[in-house]
Amino acid sequence: MGQATLPAVAAPRAAARGFALLPALVILVAAAALTFVCSNYWLFQLTLVVAFAIAVLGLNIVTGYSGQISLGHGAFYAIGAYVTAILMSNPLTLPWLDPIEVPYWATLPVSAVVCGCLGFLLGFPALRLGGLYLALTTFALAVATPQLLKSDLLGDWTGGVQGLTILKPDPPGGLPLSADQWLYLFTLAVAAVLFVAARNLLRGRIGRALVAVRDHPLAAEAMGVDIALMKTGAFAVSAIYTGVAGSLGAIAIQFVAPDSFPVLLSIELFVGLVVGGVATVEGAIFGGVFVVLIPQIAEKISKAAPGAIYGGILIAVMYLMPFGIAGALRRLRRRA
Amino acid sequence: MMQRRPLLKGLLAGATVAIAGRRAGAQTPGVTATEIKIGCTTPLSGPASAYGVIAKTIAAYFNMLNDQGGIAGHKINFIYYDDGYSPPRTVEQTRKLVEEDGVDFLFQNLGTPCNTAIRPYCNQHKIPQLFVSTGADKWGDYKHFPYTVGFNPSYRTEAEIYAKYILKQKPDAKVALIYQNDDFGKDYLNGLKQGFGDKFDKMVVKTATYEVTDPTIDSQIVSLQGAGADTLVTAAVPKFAAQAIRKVADLGWKPLHIMTNVSVSVGAVLKPAGLDNSIGLITAGYVKDPTDKKWDDDPGMKEWRAFSAKYMPGADLADGNITYGYGAAFVMTDVLRQCGTDFSRENVLKQALSIKDLEVPVFYPGIKVATSETNHQPIQELQLTRFNGHNFEPFGEVIRGSEASF
């Protein structure tokens, strides 16, 4: 991975900040308006797009910004999904209380905490492994996860190979919305909060420190950046994002099983990262759109070889937009 | 900002009208005066894509049917999408089939985890999920999932049939069982328990398990021989099945060896294990082996060969999935004929659950497909076959398993 090819983060300027806020708001309002335009099926697809965008953003924090290649983020996505599914299908029993049905929204913070802790722990071996070796180690995590989920030890909770089925939440308080409409709005709201948080985090001091660690660790250390804290912290935050995305995805799909999280999922997130734009916050949105919708378009073009079409589109995008879609848009804007 | 609310309200009202309008207009989704839309998900990509040929065969079968005039003036429009054997993709594609394409019902969706993922959706929205292409036992659960109907005989049924055969032919057998330590393997243990009944403890001298991650199962085979067994039932996936056949031969052990029909591919299992070592291996099946010379003059297989030549040019006719797909499409066609002119979801489901002893041209003679309101497992009979060094030869009578209890 040539580090010189990764784009730098634009320095925050007051004018630029004010300018960026407006398009973001417009996009959010437009996305929310889709609730009342699209059919339930398309809202369901858009919900998945938003969930994947959050997951790609998570991967971007660790791989795009702090330069630690992870090919195993599907594992965090899976863990987030399972935390939600397990909590939603098993009433919480505490000795001094009646069993409580855990509502869907309450599972998100839990899966954030669980994935954050695991991500933080994974950050430690990552300190000693760089570049390709870290990529392989995280890849191993992605390979192992589906089999661990099938294991008998966790079988009582995970449902083994059978997986777990969860019910789609109804809109609260008699809102005149369908379940798909409500879930889309809910997912969009969570995404908006997470994207704003990520932007604030990455455009400021911490973002610059992360990029410094990525581009020149020695110089970063000389400047007083705690490299170990930055790297493990990036893994933790990244895992939180991807885990929450997994939770939202699971609620939309209403089903989790070990086969839902194959190795390919991690690769897809990586594809979303690179296609969307490495080290850009808005690139994650394009990444999510690409990961969810392009396989469908590929299948529409050819039933015989959807994989080949997908590969062709991927090569074309990389050739035409070497810095991803977000990178290409930035270049267009600069030229204009 | 002030103007947004009226706009939102307007959009909301418009959407409500649109949804209400769509509901009122569509009496029977997927059915017009000239067409019936049927949906299916299947792996066209990914590790399980070899099964994709089943959906392609079904599409070709319906093409043939349409060329012959269709069903009661309706052409069949069979839409199948790739899910890569990934349950979330199955959910996506199924919702697309139902909500965007507006199919009448689903047919032959493939894979146990994939069908599990869409089962609540189908039953909640009352969409028949017919003749799913998997061998799990749970599709028989008519009480909780009345809109889901199985197709393949379950592993439990298969094991039960082995037990019945052993009880009849070798009542004082000393049986050993090796099975994979997961749902697939445990179905065989349960089937043997059901088949042997209270004789299970007397008949079965030893059971052993392996994990799918184990390198070999040699030590398990040695221990089963050591227990004095003279009959071996192997419920293993192809790699371990080949190891079992080879180890049994290496030990000079000559048990009556019964093998799950998941692992009887001549190319993938028996050749690596040694064809000579595999002679005498017994399994049970229901689809005629397209490579068996015995069926050269069989009218059913002749029909199938004529179909393949015309509608599936270039296909590998040794692939048993093509015969299977043909059989499934044949059953579906029969159900649609029984529907008369009422192709509503309720009537299609009703007819799919009223199949009476249907014989399928590509299934072994004597195997009858039957369903009822309380029997959602159409195939419960199997024909035993024995390997003669080239292919599996049917012998004895068709044996029937019992219905699962739910």
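Key figures for this structure:
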| item | result |
| --- | --- |
| Residue in region A:50-63 that is in a helix (DSSP H, G or I), within 14 Å of chain B (Cβ to nearest Cβ) and closer than 17 Å to A:A234 by Cβ present | yes |
| Residues of region B:209-248 that turn out to be in contact with a strand residue (DSSP E or B) (Cβ under 7 Å, 6 or more places away or on another chain), part of a helix (DSSP H, G or I) and farther than 20 Å from B:F387 by Cβ, as a count | 3 |
| Residues of region B:254-273 satisfying the condition of being more than 20 Å from B:A318 (Cα to Cα) and surrounded by fewer than 17 Cβ atoms within 10 Å (Cβ to Cβ) | B:K254 |
| Some residue of region A:150-160 being more than 17 Å from the chain's Cα centre (by Cα) and away from chain B (no Cβ under 14 Å) | yes |
| Among (1) within 13 Å of the chain's Cα centre (by Cα); (2) under 25 Å from A:R128 (Cα atoms) - the single one A:F286 does not satisfy | (2) |
| Options B:K202, B:K168, B:K186, B:K193; residue that is within 20 Å of the chain's Cα centre (by Cα) and without any contact (Cβ under 8 Å) to a residue 40 or more places away in the chain | B:K186 |
| Filter result for B:Y188 (in contact with a helix residue (DSSP H, G or I) (Cβ under 7 Å, 6 or more places away or on another chain), of a type in the set (F, W, Y) and in a strand (DSSP E or B)) | no |
| Test result for A:L185, more than 14 Å from every other protein chain (Cβ to nearest Cβ), over 18 Å from A:V83 (Cβ atoms) and hydrophobic (A, V, I, L, M, F, W, C) | no |
| Segments classed as helices (runs of 4 or more DSSP H), wholly inside region A:194-284, with at least 2 members that are more than 14 Å from every other protein chain (Cβ to nearest Cβ) and either in contact with a Phe, Trp or Tyr (Cβ under 8 Å, 6 or more places away or on another chain) or buried (at least 24 other Cβ atoms within 10 Å of the Cβ) (or both) | A:205-215, A:227-253, A:263-276 |
| Subset of region B:281-308 [exposed (fewer than 14 other Cβ atoms within 10 Å of the Cβ) and either at pLDDT 95 or above or in a helix (DSSP H, G or I) (or both)] | B:K293, B:K294, B:P299, B:K302, B:A306 |
| Members of region B:231-280 that are of a type in the set (D, E) and in contact (Cβ under 8 Å) with a residue 60 or more places away in the chain | B:D276 |
| Odd one out for A:I69 among (1) touching a residue at least 60 places away in the same chain (Cβ under 8 Å); (2) not in a loop (DSSP other than H, G, I, E, B) | (2) |
| Single condition A:F120 does not satisfy, out of (1) surrounded by fewer than 18 Cβ atoms within 10 Å (Cβ to Cβ); (2) modelled with pLDDT under 90 | (2) |
| Residue within region A:120-143 that is β-branched (V, I, T) and within 14 Å of chain B (Cβ to nearest Cβ) present | yes |
| Sole exception among (1) more than 10 Å from every other protein chain (Cβ to nearest Cβ); (2) without any contact (Cβ under 8 Å) to a residue 40 or more places away in the chain for B:F131, by number | (2) |
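The values are calculated or read from the model by the stated rules, or taken from the named source; none is laboratory data. Every value quoted in this text rests on a predicted model; they were computed, and no experiment measured them. Cβ atoms come from the backbone with ideal geometry, glycine included; neighbour counts cover every protein chain shown.
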